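> This structure is in structure tokens; I'll ask about it shortly.
Derivation of every value follows stated rules applied to the coordinates shown; laboratory data play no part. Everything numeric here is computed off the predicted structure, so don't read it as measured data. Neighbour counts are summed over all protein chains in view; Cβ atoms, including those assigned to glycine, are modelled from backbone coordinates with ideal geometry.
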Amino acid sequence: QPGSAFKPIIYAAAINEGFSPSSIIIDSPIIFKEKEDAFDKWKPVNFEQKFYGPTSLREALAHSRNVVTVKLMQKIGIKSSISLARNLGITSNLEENLSISLGSSGTTLYELTSAYSAFANMGRLIKPTAIRNIKNRDGEVLFTSVPEITQPISPGTAHIITSLMESVIQHGTATKVKALKRPVAGKTGTTNNYVDAWFMGYTPELVTGVWVGKDKDEPLGRNETGSRAAIPIWLQFMQEALANKPIINFPVPSDIQFLKVLSKSGDPAKFGDTDSTFEIFLQDYLPEKEQPFLSQAQEEEF
């Protein structure tokens, strides 16, 4: 099970539906019954066993809030989330229920890493291939693979998800990754009873996925979370893979706009509002009220 490492796909589906990083969802108790006459109930809870009230999507993904993610999927619909997952290359079975928002349906590391590559690549999904080309002993190229390229999400949606997962690194569940000292986005994943630990992460030039688990469906041990078990493996590999390579930033596509919003409510900020911050939006889903635009220099700093 991918656990919370599956959440960015749900958030991408929500961005496509008009949500933004500043959209607010109430993190509060909720109980689901599969059928009206059923005795079995499902009450999703956060890892910390707490509820946090009004929560922006940026904060929710950064701190991997389960309840907010379930409510978000309830708003956008299960089918739209599954449809996007399929377009991103997830072929494993996905149950049609809200628990898949928390990664309850199993997938492979190959599939999930491939799906994340679309977030890193301006929304383009290049189907992975094991063979780039074949040459004979004289260096003549006998075969060159032709990449299969699709565009499951827009460049803007991909960049917003990247921005959200940068917050996971900066002040969320994956702060250890800051040791890479370059722009990086990613998401941790931890399943019930610490059976699976994940970290999916990428820089502008390389995406890498790490899964830690046992051959048998057994717990890794108490508190063996994605942060504790998977990140150190990912970080060691990426530090060596990117050693002596230039530091580059994630490119900002043209369908993105930076606007100022109130930190607590996500509403458009007015001139002089002190409790405000710049947030990122799709051009087609800008807030209704006018907000101050960032200068190019401020955009680069953001």
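> Hey, got the Cα dimensions of region 1-133 along the principal axes, in Å, largest first?
Sorted largest first, the three principal extents are 56, 34, 26 Å.
> With 5 Å bins from zero, work out the P(r) of region 119-217 over every alpha carbon pair and list the percent per bin.
3, 11, 16, 16, 14, 14, 12, 7, 5, 2, 0, 0
> Which three extents, in angstrom, do the Cα atoms of region 66-182 have along their principal axes, listed largest first?
Largest to smallest, the principal-axis extents are 60, 37, 26 Å.
> Another one. Convex hull over the Cα atoms of region 1-74, averaged projected area in nm²?
Mean orientational projected area (region 1-74, Cα hull): 5.5 nm².
> Please compute the net charge surrounding GLY213, taking Lys and Arg as +1 and Asp and Glu as -1 over other residues with Cβ under 10 Å from its Cβ. Don't jump to the answer; show the numbers that get you there.
Numbers: positive: LYS214, LYS216; negative: ASP196, ASP215, ASP217, GLU218, GLU224.
Charge balance in the 10 Å sphere: -3.
> Work out which GluC sites (Glu not before Pro) in the chain are exposed loop sites (DSSP not H, G, I, E or B, at most 16 other Cβ within 10 Å) and give the longest gap free of them. Show your work: numbers first, answer last.
Details: sites that count: GLU17, GLU34, GLU36, GLU48, GLU95, GLU96, GLU140, GLU148, GLU205, GLU288, GLU290.
Maximal segment without exposed cleavage sites: 206-287.
> Next question. Mean separation of Cα pairs under 8 Å and 6+ residues apart, divided by the residue count of the chain: what relative contact order is that in percent?
Working: 562 pairs, mean separation 52.0, N = 302.
It rounds to 17 percent for the chain.
> Find the percent of Cα-Cα distances in the chain that exceed 32 Å, and round it to a whole number.
Numbers: 12509 of 45451 pairs.
Of all Cα-Cα distances in the chain, 28 percent exceed 32 Å.
> Just the ratio, please: alpha-carbon radius of gyration of region 169-273 over 2.2 N^0.38 Å, N its number of residues. Show your work: numbers first, answer last.
Numbers: Rg = 17.7 Å, N = 105, 2.2 N^0.38 = 12.9 Å.
In units of the globular-protein estimate, region 169-273 measures up at 1.37.
> Working out 0.36 nm times the residue gap between LYS245 and GLU218, then minus their Cα-Cα distance, what length gain in nm do you get to one decimal? Kindly include the intermediate steps, with their values, before the conclusion.
Details: separation 27, 0.36 × 27 = 9.72 nm, distance 3.90 nm.
Net length gain for the segment: 5.8 nm.
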